Amino acid sequence: MTKIAPSILSADFLRLGDQVQEVLDAGADILHLDVMDGHFVPNITIGPLVVKAIKKLTLAANVPLDVHLMVKNPDHLIPHFAQAGADMLTVHVEACKHLHRTIQQIRQLGMKPGVSLNPATPLGVLEEMLPFIDLVLIMSVNPGFGGQSYIPTSTAKIERLRWLLDKQRLSNVELEVDGGIKSDNAAMIAAAGASVLVVGTGIFNDNASIISNFQKLRQVLSSSS
Ligand code: DX5
Ligand code: ZN
């Protein structure tokens, strides 16, 4: 079953704890936290302090905390997110000088390592790293903001990665897709081979409640599988 990972980037930060609890109660499989430094991407969001606070809720709900680092040179930050309670920690290949060492560091600190690719980055950069990671995060928007449109060429990229993972019998590696995912394209993205869908404004918006948005996503995914 395709997992749903709500991204809190577009949640109401005045009521963050309540909204996190709401989406956990709705059945979130994973909670996705976007960390941005204003250098790797033109936006600044949260750090280890907020991750640590949210960990209290996800731990009680037994839901993994999936931290997406959109930061330059992430190595020095990795221990802080380990201490804050990240279960999965994803770095951008474009931001790492020594990706193999960075991935080793994440795993040594007890977290599941992931690598994220921006839309312009070809899958080939992953070739040497696939045996060492637990997650590939395909960006289907340019990172930095919620509410952007899904980049249609992402679908072929997802299909190619699914083929690669299956060919190398790496089905344990999660294929996570992030950006512009809504109830009207979620089934198509899952059919292309995604195992985890990150959804921000498709869940956190003013049009409907968190639970109804979430249930609509779950419904389209279950009826298409
Ligand atoms: C963008 C973030 C995404 C974003 C998704 O840089 O990595 O996780 O929050 O938001 P939507 O689903 O609104 O595109
Ligand atoms: Zn993200």
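Grab the DSSP H runs of the chain that are 4 residues or longer, score each as -39,500 (n - 2.57), total them, divide by all residues and round the 222 nm result to the nearest 500 deg cm²/dmol. Show your work: numbers first, answer last.
Numbers: 7 runs with 77 residues, N = 225.
Helix-only estimate at 222 nm: -10500 deg cm²/dmol.
Here is the link list: Lys56/Lys167; Lys52/Lys72; Lys72/Lys216; Lys97/Lys182; Lys72/Lys157; Lys56/Lys97. Which ones come out longer than 31 Å on Cα distance?
Going by Cα-Cα distance, Lys56/Lys167; Lys72/Lys216; Lys97/Lys182; Lys56/Lys97 fall outside the 31 Å limit.
How long are the three semi-axes of the equivalent ellipsoid of segment 9-80, in whole Å, if each is the root of 5 times an eigenvalue of the C-alpha gyration tensor, listed from largest down? Present the calculation step by step, with values, prior to reporting the outcome.
Working: eigenvalues 102, 37, 20 Å².
Working from the Cα gyration tensor, I get semi-axes of 23, 14, 10 Å.
Relative contact order, percent, of segment 3-224 when contacts are C-alpha pairs under 8 Å separated by at least 6 residues? Spell out each step's value before the answer.
On the way: 421 pairs, mean separation 43.9, N = 222.
Relative contact order for segment 3-224 comes out at 20 percent.
For Met188 and Asn73, FRET efficiency with R0 = 41 Å and r from the beta-carbon atoms, rounded to 0.05? If you can, show how the numbers build up before the last one.
On the way: r = 36 Å, r/R0 = 0.87.
Computed FRET efficiency for Asn73 and Met188 comes out at 0.70.
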Within the chain: Cβ-based charge dipole about Cα centre, in debye rounded to nearest 20 (Lys, Arg +1; Asp, Glu -1): 300 debye
DSSP-assigned coil residues among trypsin sites (Lys or Arg not before Pro) in segment 99-191, each with at most 16 further Cβ atoms within 10 Å: Arg169
Segment 1-40-segment 148-207 distance, computed between alpha-carbon centres (Å): 17 Å
Residues in segment 193-213 reached by a label modelled at Asp166 [backbone nitrogen below 14 Å; 7 Å Cα→Cβ]: 193-195
Projected area averaged over orientations for the chain, convex hull of C-alpha atoms, nm²: 11.0 nm²
Carbon + sulfur, % of accessible area of segment 122-225 - ligands and nucleic acids excluded, 1.4 Å: 53 percent
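Any idea what the relative contact order of segment 76-125 is, in percent, if you count C-alpha pairs under 8 Å spaced at least 6 apart? Can you show the working numbers first?
Values: 45 pairs, mean separation 21.3, N = 50.
That works out to 43 percent.
The values are calculated or read from the model by the stated rules, or taken from the named source; none is laboratory data. Every value quoted in this text rests on a predicted model; they were computed, and no experiment measured them. So basically every Cβ, Gly included, is an ideal-geometry build from the backbone, and we count neighbours across all protein chains shown. Just the protein is used for accessible areas: all its heavy atoms, side chains included, with ligands, DNA and RNA removed. Shrake-Rupley method; radii C 1.70, N 1.55, O 1.52, S 1.80 Å.
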